[in-house]
1. Can you give the angle from 0 to 90° between the axis of helix 90-101 and the longest principal axis of the chain, with both taken from C-alpha atoms, to the nearest 10?
2. Quick one: 3J(HN,Hα) in Hz for segment 121-136, Karplus 6.51/-1.76/1.60 with θ = phi - 60°, rounded, Gly and Pro as x.
3. Please get the size of the charge dipole for segment 68-163, origin at its Cα centre, with Cβ charges of +1 on Lys and Arg and -1 on Asp and Glu, quoted in debye to the nearest 20.
4. Where the accessible area of the chain is counted over protein heavy atoms with a 1.4 Å probe, how much of it, in %, is carbon and sulfur?
5. Which angle from 0 to 90°, rounded to the nearest 10, does the C-alpha axis of helix 2-16 make with the longest principal axis of the chain?
6. Can you find, among Ala117, Leu40, Ala67, the residue farthest towards the positive end of the dipole of the chain? Put +1 on the C-beta of Lys and Arg, -1 on that of Asp and Glu.
7. Would you please give the FRET efficiency between Glu204 and Asp19, computed as 1/(1 + (r/R0)^6) with r the Cβ-Cβ distance and R0 = 41 Å, to the nearest 0.05?
8. For segment 1-105, which GluC sites (Glu not before Pro) pass both filters: DSSP loop (anything but H, G, I, E, B) and at most 15 other C-beta atoms within 10 Å?
Amino acid sequence: PEHGATWGMGRVIALERPDTFGGLVDLPAEPGDADLAALLKQLGAPGPEDQLALRGGRCFARRLVHASAEPKAPTWSPRGTVLITGGTGALGAHLARWLVERGAEHLVLTSRRGEDAPGAKELQASLQEQGARVTLAACDVAERDALQALLTTLDADEAPLSAVIHTAGVVGMTPLEDLTPEDLANALAAKVSGAFNLHHLLGEREL
């Protein structure tokens, strides 16, 4: 996953600064002589591909292929308790309304400020008018202990946790050339660290 995030940053560089982008190459953790020879070949005589993976001296590039037609998947109906991280933000609020329309019993909306987040109490009242039970919780999902405490509380609820939607994130757009290490750490904490914490704390559950 860490390598995926690094590769993703390379894609952002390609979009923001195509004039300085040279390409992305994924090497094995311990490249052999054949891998290094293939790398030198690509650097010395580059072809049209600018995103490659080298394995055992062989060069691979991504391709899209048509998927086979599959039967339509059954429609998901929310049940029990649904946790939405970043639940009082624009995306989280939109999803909360969508879930209530489809019969969600109990929504837990987290944000760093909980009830004090802008519009949180108004959103709660609106959803409750539609018949849902709504809990506002102050929880930074990047803080593993705080998230663990919240999940322990939910385990004691009469409606068991059945789904998690991770919408927590940092609002703001910073061009890469202006991005500081602090900016990057702040953005990764909410989205990536939160996802890791959810995975480690809930990875064994059927959600």
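The values are calculated or read from the model by the stated rules, or taken from the named source; none is laboratory data. Computed from a predicted model, the values in this text were never measured in an experiment. Heads up, the Cβs are rebuilt from the backbone with ideal geometry, glycines too, and the neighbour counts pull from every protein chain shown. Quick note on the areas: whole protein, heavy atoms, side chains included, nothing else; ligands and nucleic acids left out. Shrake-Rupley method; radii C 1.70, N 1.55, O 1.52, S 1.80 Å.
1. Helix 90-101 sits roughly 50 degrees off the main axis of the chain.
2. Values per residue, Gly and Pro as x: 5, 5, 5, 4, 4, 5, 6, 5, 4, 8, x, 8, 8, 10, 10, 9 Hz.
3. Here segment 68-163 has a charge dipole of around 260 debye.
4. Accessible surface attributable to carbon and sulfur in the chain totals 55 percent.
5. 80
6. Looking along the dipole axis, the top candidate is Ala67.
7. The pair Glu204/Asp19 has a calculated efficiency of 0.30.
8. Counting only loop positions with at most 15 other Cβ atoms within 10 Å, the GluC sites (Glu not before Pro) in segment 1-105 are Glu49.
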